[in-house]
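Here the structure comes first, spelled out in structure tokens, and everything after it is commentary.
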Amino acid sequence: MPGRTWIYILLVTACSINYIDRVVLSVSAQPISKEFGISTIQLGYLFSAFLWSYLVFVLPWGIYVDRVGTRRATTVGMAIWSAATLLTGTSWNFSSAFASRLLMGFGESSTYPAGGRTIREWMPAGERGFATTVFNCGGYIGPALGSVLMAYLVSDLGWRGAFYCAGALGFVWLIFWSVVFRQPEEATFIGEAERTKILGERGGKAVPGKSAPLTALLKCKSMWGLFVTQGCAVYTVYLFLTWLPSYLQATRGLTLLKTGFYTAIPYAVAVPGTMLVGALSDRLLRDVGVTSGRRRLMVVIMLLCSSGILLTPWITETWVLLTLFSISLTSIGSAVGLNITLTNDLLTDPGNAGRANGFLVTGGNLFGVLAPIVTGYVISGTGSYDWAFLVAGVLLICGAVTCWTMTREPISPQEA
């Protein structure tokens, strides 16, 4: 087993904890709404609260990651969002819960910039697609485990106890991160042959503190294409993440525990599915090289497959619905992960990886922050979830068109 397997484990578990801390509110929505007297529209705003601060701070986090390195930035980010999750359990009304979720979003916005740079530092270029989808599938492991585990904890300990347990999990992870993680040049858990392979095949040397100005990065057309593509994809991610439990309860008449189980199914299917797609994308690029940008074809295909959620309003059988959602989540998870990988593929200097991924994730969350709110208004105005899925499906098609037409040039900010 290669030593960098430890990096895979740290990346996927960090991302999983990130999403467990997000989904605990979705699972707890009904008891919290009842205790605080929250309306459907207010609930939509509460669901989206962490995304507001996430959106504002993800790019500054990317710049911070490039400046101080992944080890320190990840430590600070995980500590902040885990503390914020603990604080959510002490909330006494809508405003206090909203404030704690804003703080959580600030901390969580470190995850993808730091994770993207870690992958660029640690993984050979021919392994990058698989590595990114493994990292990103933490966004599905988290909801899959979290939906079931948190439903059980809410039922057994109450919603406050569930938040306390979720927050504590992050601090346990930090212990392992502090002990294990080092740069490949310094890590003692890899052999010299593996170190040589990583340093020789990762594509450039990522030195903290040495990167191009952000203004130069923003002059690159492909960066904007990736930005919009990510936004169109992530909208659907947050539609599922925030409203799927409530949708299943409202339209299928499920109990809290059954809702947790049914919510977990599409996410559980997506975990191996996204990994397989990531490995396939690396294999298909073996003969042409990652810098060709050909990975965009896989991104486009995955976005179009995910747009199948347009059929949701016409499906009546629960098992068919779960199958459709499983396909859609697998496809959208693959698209998001491969779009991040495509960013690293097109980026000529790994020293810009933190801010490039920060800008990319800003695009994702600019759209993502709207999903819970728009859905709340749609449900309130129409009394149905149908239009929520139609909006998401159209955005996925727009994302496919954008990726195909706007990501055809290398990202070379020094020359822009």
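Number of residues in segment 373-416 that are over 17 Å from PHE227 (Cβ atoms) and open to solvent by less than 60 Å² (accessible area, probe 1.4 Å): the value is 14. Could you say whether any residue in segment 114-122 is more than 20 Å from VAL58 (Cβ to Cβ) and modelled with pLDDT under 90? The answer is yes; a qualifying residue exists.
For segment 365-382, the count of residues that are touching a Cys at 6+ places or on another chain (Cβ under 9 Å) and aliphatic (A, V, I, L, M) is zero. All of GLY126, GLY138 fail the test of being over 22 Å from ASP66 (Cα atoms) and either open to solvent by less than 20 Å² (accessible area, probe 1.4 Å) or at pLDDT 85 or above (or both), apart from GLY138. Among the candidates LEU342, LEU338, LEU304, LEU329, the residue that is in contact (Cβ under 8 Å) with a residue 12 or more places away in the chain and either open to solvent by 20 Å² or more (accessible area, probe 1.4 Å) or assigned to a loop (DSSP other than H, G, I, E, B) (or both) is uniquely LEU304. Screening GLY381 with (1) touching a residue at least 24 places away in the same chain (Cβ under 8 Å); (2) assigned to a helix (DSSP H, G or I) gives one miss only, at (1). Residues in segment 8-60 that are touching a Ser or Thr at 6+ places or on another chain (Cβ under 7 Å) and touching a residue at least 60 places away in the same chain (Cβ under 8 Å): 18 in all. Residues being of a type in the set (Lys, Arg), in contact (Cβ under 8 Å) with a residue 12 or more places away in the chain, part of a helix (DSSP H, G or I) and more than 26 Å from GLN249 (Cβ to Cβ) are entirely absent from segment 138-160. Determine if segment 216-226 includes at least one residue that is open to solvent by less than 40 Å² (accessible area, probe 1.4 Å), part of a helix (DSSP H, G or I), aliphatic (A, V, I, L, M) and at pLDDT 85 or above. Among the residues of segment 216-226, at least one is open to solvent by less than 40 Å² (accessible area, probe 1.4 Å), part of a helix (DSSP H, G or I), aliphatic (A, V, I, L, M) and at pLDDT 85 or above, which makes the answer yes.
Would you check which residues across segment 379-416 are over 24 Å from the mean Cα position of the chain (by Cα) and within 18 Å of SER26 (Cα to Cα) and list them? Of everything in segment 379-416, those that are over 24 Å from the mean Cα position of the chain (by Cα) and within 18 Å of SER26 (Cα to Cα) turn out to be ILE379, SER380. For segment 350-372: of the residues being hydrophobic (A, V, I, L, M, F, W, C) and closer than 19 Å to TYR45 by Cα, which is least open to solvent (accessible area, probe 1.4 Å)? Selected residue: ALA371. Taking segment 178-199 as the range and being of a type in the set (A, V, I, L, M, F, W, C), farther than 15 Å from ARG117 by Cα and in contact with a Pro (Cβ under 8 Å, 6 or more places away or on another chain) as the test, only ILE190 passes.
Within segment 81-103, residues that are over 20 Å from TRP61 (Cβ atoms) and small (Gly, Ala, Ser) reach partners that are open to solvent by less than 10 Å² (accessible area, probe 1.4 Å) and outside any helix (DSSP H, G or I) with beta carbons closer than 6 Å, at six or more positions or on different chains, in the pairs ALA97/SER91. Condition first: out of contact with any helix residue (DSSP H, G or I) (no Cβ under 7 Å at 6 or more places or on another chain), more than 21 Å from ALA388 (Cα to Cα) and in contact (Cβ under 8 Å) with a residue 12 or more places away in the chain. Can you find one or more residues in segment 261-272 that meet it? Within segment 261-272 (the criterion being out of contact with any helix residue (DSSP H, G or I) (no Cβ under 7 Å at 6 or more places or on another chain), more than 21 Å from ALA388 (Cα to Cα) and in contact (Cβ under 8 Å) with a residue 12 or more places away in the chain), the answer is no, since none of the residues qualifies. Enumerate the pairs (first residue in segment 177-194 and among the hydroxyl-bearing types (Ser, Thr, Tyr); second residue anywhere and not in a loop (DSSP other than H, G, I, E, B)) with beta-carbon separation below 9 Å, excluding pairs fewer than 6 apart on the same chain, so at least 6 apart or on different chains. Taking only residues 6 or more apart or on different chains, the pairs are SER178/ARG71; SER178/THR75.
Being open to solvent by less than 20 Å² (accessible area, probe 1.4 Å) and not hydrophobic (A, V, I, L, M, F, W, C) is the filter here; which residues of segment 309-326 pass it? Residues satisfying the conditions are THR312, SER326. Is there a residue in segment 272-295 that is assigned to a helix (DSSP H, G or I), modelled with pLDDT of 90 or more, of a type in the set (A, V, I, L, M, F, W, C) and within 23 Å of ARG120 (Cβ to Cβ)? No, because not a single residue in segment 272-295 is assigned to a helix (DSSP H, G or I), modelled with pLDDT of 90 or more, of a type in the set (A, V, I, L, M, F, W, C) and within 23 Å of ARG120 (Cβ to Cβ).
The values are calculated or read from the model by the stated rules, or taken from the named source; none is laboratory data. The structure displayed is predicted, hence computed values, not measured ones. Heads up, the Cβs are rebuilt from the backbone with ideal geometry, glycines too, and the neighbour counts pull from every protein chain shown. Areas reflect the complete protein model, heavy atoms only, side chains present, ligands, DNA and RNA absent. Shrake-Rupley method; radii C 1.70, N 1.55, O 1.52, S 1.80 Å.
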